[in-house]
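Engineer: For reference, the structure I am asking about is given below.
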Amino acid sequence: MRNFRTLNIWKEGILLVKKIYQLSESLPPEEKFGLRSQICRSSISIPSNIAEGCSRSSQPDFKRFLEIALGSSFELETQLYIAGELSFISKKEVKMIIENIDKEQKMINNLIQKLKANSQ
């Protein structure tokens, strides 16, 4: 079992959730149960799946949860682009948060690649 609290990808994921929740406050009230909810849930999914993967005893299981976290990050990215296209948030805000998401995606992908290399 790994300690997820020591992983930088988990720490970055938590910071991303905080930023997303702050950003989601600017979404229209009618999106509370729509896009706002979806954006928050997909952001939470990233560090949650990293943590859950750490509880698994095998590297393939851990890798699978990292892949789910990576998928959630791409889902979040898409939802933010949609929010920007609908003018719910500014393009500048979208760009800034996407930079954080890109960083997280690279970190997750790098760990996935290391796990793949170790299993060969």
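Engineer: Between Ala117 and Thr78, how high is the FRET efficiency from 1/(1 + (r/R0)^6) when r is the Cβ-Cβ distance and R₀ = 35 Å? Nearest 0.05.
Structural biologist: Details: r = 29 Å, r/R0 = 0.83.
E(calc), rounded to 0.05, equals 0.75.
Engineer: Spin-label point model (7 Å from Cα, Cβ direction): what's the Arg64 to Leu15 distance in nm?
Structural biologist: If labels sit at Arg64 and Leu15, their model points lie 3.1 nm apart.
Engineer: Where in segment 1-88 are there GluC sites (Glu not before Pro) that are in a DSSP coil and have at most 16 other Cβ atoms within 10 angstrom of their Cβ?
Structural biologist: Working: sites: Glu12, Glu25, Glu30, Glu31, Glu52, Glu67, Glu75, Glu77, Glu85; in loops: Glu25.
Filter output for segment 1-88: Glu25.
Engineer: Sticking with the crude label model, points 7 Å out along Cα→Cβ, report the distance from Phe33 to Asp102 in nm, one decimal please.
Structural biologist: About 3.7 nm, to one decimal.
Engineer: Let me ask something additional. Of the listed peptides 41-49, 98-106, what is their order by residue-averaged count of other C-beta atoms within 10 Å, with the highest listed first?
Structural biologist: Working: 41-49: 21.8, 98-106: 15.9.
Top of the packing list down: 41-49, 98-106.
Engineer: Follow-up. Divide by every residue of the chain the summed helix terms, -39500 (n - 2.57) for each DSSP H run of at least 4, and state the resulting mean residue ellipticity at 222 nm, rounded to the nearest 500 deg cm²/dmol.
Structural biologist: On the way: 4 runs with 93 residues, N = 120.
Rounded to the nearest 500, it is -27000 deg cm²/dmol.
Engineer: Could you work out the relative contact order of the chain, using alpha carbon pairs under 8 angstrom and six or more residues apart, expressed as a whole percent? Intermediate results must be reported in sequence, preceding the final value.
Structural biologist: Values: 115 pairs, mean separation 34.8, N = 120.
It comes to 29 percent, rounded to a whole number.
Engineer: Which lysines have a Cα less than 20 Å from the Cα of Lys32, not counting those fewer than 8 places away in the same chain?
Structural biologist: Straight-distance partners of Lys32: Lys18, Lys19.
Engineer: Please list, or write none, the lysines whose alpha carbon is within less than 17 Å of the alpha carbon of Lys116, excluding same-chain residues fewer than 8 places away.
Structural biologist: Straight-distance partners of Lys116: Lys63, Lys106.
Every read-out reported here was derived from the displayed coordinates using simple, explicitly stated rules and does not represent laboratory data. Only a predicted model underlies this, so the values are computations on that prediction, with no experimental measurement involved. A quick note on method: Cβ atoms are made from the backbone with ideal geometry, for glycine too, and the neighbour counts reach across all protein chains shown.
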